[in-house]
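Here's the structure, in structure tokens; my notes come after.
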Amino acid sequence: PSTVRVLPVAVMPGLGLPLTGTWIRFFGVRYTILGMWLLARRGIAPVLYVHPWEFADLPAVDGVPRRVYWRTGEWMRRALATILDEEFDFVTARTAVSDA
């Protein structure tokens, strides 16, 4: 039988805003890195979630708000590379839930 595991997304201490792709795009990479370091100092493993579409170079579509396209594609790929360059031990979600 299969088991459903919960892997909660990290939130910025004090603000309660998630460390997800949307907030990376709106607040920048440094916001996310700061949140990850603050959580790590508290002994909390930060879980960062980014939607796969945020890495795509999206074409403009009539009726879709500009905020959807803002800082996606190449910008988000560079942002993720910057985050992955930080001194954290990164693992996949599968590894994180199997270690719990």
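The values are calculated or read from the model by the stated rules, or taken from the named source; none is laboratory data. Everything quoted here is computed from the prediction, not taken from an experiment. Ideal geometry is used to build each Cβ from the backbone, glycine not excepted, and the neighbour counts take in all protein chains shown. With ligands, DNA and RNA removed, areas are computed over all heavy atoms of the protein, side chains included. Shrake-Rupley method; radii C 1.70, N 1.55, O 1.52, S 1.80 Å.
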Of all helices (runs of 4 or more DSSP H) completely enclosed by the chain, which ones contain at least 2 residues that are touching a residue at least 60 places away in the same chain (Cβ under 8 Å)? 93-99
Count of region 1-60 residues which are in contact with a helix residue (DSSP H, G or I) (Cβ under 9 Å, 6 or more places away or on another chain), open to solvent by 40 Å² or more (accessible area, probe 1.4 Å) and on the phi > 0 side of the Ramachandran plot: 1
Considering region 17-71 alone, what residues qualify as being of a type in the set (Ser, Thr, Tyr) and more than 14 Å from the chain's Cα centre (by Cα)? 69
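Considering region 24-60 alone, what residues qualify as being at pLDDT below 90 and either under 22 Å from residue 90 (Cα atoms) or among the hydrophobic types (A, V, I, L, M, F, W, C) (or both)?
Hits for region 24-60 are 43, 44, 45, 46, 47, 48, 49, 58, 60.
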I'm checking my understanding of the structure. Among residues of region 68-89 that are out of contact with any Pro (no Cβ under 9 Å at 6 or more places or on another chain) and farther than 20 Å from residue 54 by Cα, which one is least open to solvent (accessible area, probe 1.4 Å)? 86
